[in-house]
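A short reminder: the numbers here are calculations on the coordinates, not readings from a lab. Small disclaimer: the values here were computed from a predicted structure and weren't measured. No Cβ is skipped: glycine too gets one built from the backbone with ideal geometry, and neighbour counts run over all protein chains shown.
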Number of protein chains: 2
Amino acid sequence: MSHRAAPEHTHPDDVPLLTALSALADPVRIQILRELAGSQEWTRTCGSFDVDVRKAALSHHFAVLRGAGVVEQKDEGARRFNRLRGEEFGTRFPGLLELVLRGD
Amino acid sequence: MSHRAAPEHTHPDDVPLLTALSALADPVRIQILRELAGSQEWTRTCGSFDVDVRKAALSHHFAVLRGAGVVEQKDEGARRFNRLRGEEFGTRFPGLLELVLRGD
């Protein structure tokens, strides 16, 4: 049994533009989003991404992504799984996630 | 005669995605871009924007916008005029500037 609080989410419809841009303007978060986009939904745990940051920093990055409405998380036991909220985020900010995912 | 160096520009084609996102993820710069979008090209001096920042900070904001390829500047005597590089920037990052300009 996990004693963590369940992750809090923000729906993309409630996300200000500035929050979305700030969330995406970070190399670690861009890497997470690209890996998520290349994976099946709900298959990726937070520890499974190829990013070189400590656990506390990683938790912060995921909190920022949830707060921008671009990532959804759910806990199963001690593991936290992720999915990209591509459709809802894309309705709120058309084309923005595509820009981030297409590479440079 | 102005003794300032002419402003250095970066073409949008040479701007990394992260640089563009970081440049746009700022309330002062968003305000500048929106005012520019509502003005005729080359009519707005740097001091003409409704932003509450000191001159040095304002110069920094314009340097960031130039570096992201989204604003072009030219000097006429002591005055520096601005235009939005909407078309070139839009070719490099489709839809991104529109998101910023459409409001929240």
Original post:
Gap in Å between the Cα centre of the stretch B:74-104 and the Cα centre of the stretch B:24-50?
Top reply: 8
Original post:
Nm distances between the label at A:Q31 and the same-position labels in the remaining copies, 7 Å along Cα→Cβ, shortest first?
Top reply: 3.5
Original post:
What distance in nm separates the simple spin-label points at A:S48 and B:E35, each placed 7 Å from Cα in the Cβ direction?
Top reply: 4.8
Subject >> Label distances, nm, B:G103 versus same residue in remaining copies, Cβ-directed 7 Å point >> reply: 3.9
Subject >> Axis-proximal residue, chain A, for the rotation superposing A on B (Cβ, Å) >> reply: A:G95, 2
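Local charge sum around A:F93 (other residues, Cβ-Cβ under 14 Å, Lys/Arg +1, Asp/Glu -1)?
Cβ neighbours under 14 Å give a net charge of -4.
Starting from the eigenvalues of the Cα gyration tensor, five times each then square-rooted, give me the equivalent ellipsoid semi-axes of the stretch B:5-66, largest first, whole Å. Walk me through the numbers before you get to the answer.
Working: eigenvalues 69, 38, 34 Å².
So the three semi-axes of the stretch B:5-66 are 19, 14, 13 Å.
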**OP:** Whole number please: convex hull volume per residue, Cα atoms of the stretch B:14-102, in Å³.
**Re:** 91
Original post:
Taking amide H positions as placed 1.01 Å from N in the peptide plane, with prolines and chain starts having none, which residues 5 or more places from A:W42, or on another chain, fall under 5 Å of its amide H?
Top reply: A:N82, A:R83, A:L84
Original post:
HN-Hα J couplings of the stretch B:16-25 from phi, Karplus 6.51/-1.76/1.60, θ = phi - 60°, integer Hz, Gly and Pro as x?
Top reply: x, 3, 4, 5, 5, 4, 5, 5, 7, 7
**OP:** Calculate the dipole size of the stretch B:14-102 relative to its Cα centre from +1 charges on Lys and Arg beta carbons and -1 charges on Asp and Glu beta carbons; express the result in debye to the nearest 20.
**Re:** 180
Original post:
Karplus couplings for the stretch A:71-83 from phi (6.51 cos²θ - 1.76 cosθ + 1.60, θ = phi - 60°), rounded to Hz, Gly and Pro as x?
Top reply: 9, 10, 10, 9, 8, 10, x, 8, 9, 10, 9, 10, 9
**OP:** Restricting things to alpha carbons, find the Rg to Rh ratio for the protein assembly as shown using the Kirkwood radius for Rh.
**Re:** 1.05
Original post:
Can you work out ³J(HN,Hα) from phi for every residue in the stretch B:42-49, in order, using Karplus 6.51 cos²θ - 1.76 cosθ + 1.60 and θ = phi - 60°, giving whole Hz and x for Gly and Pro?
Top reply: 6, 9, 9, 7, 4, x, 8, 9
Original post:
How much net charge surrounds A:Q73 when only other residues with a Cβ under 9 Å from its Cβ are counted (Lys, Arg +1; Asp, Glu -1)?
Top reply: +2
Original post:
When each copy gets a label point 7 Å from Cα toward the beta-carbon at A:A63, what are the spacings between them in nm, shortest first?
Top reply: 3.2
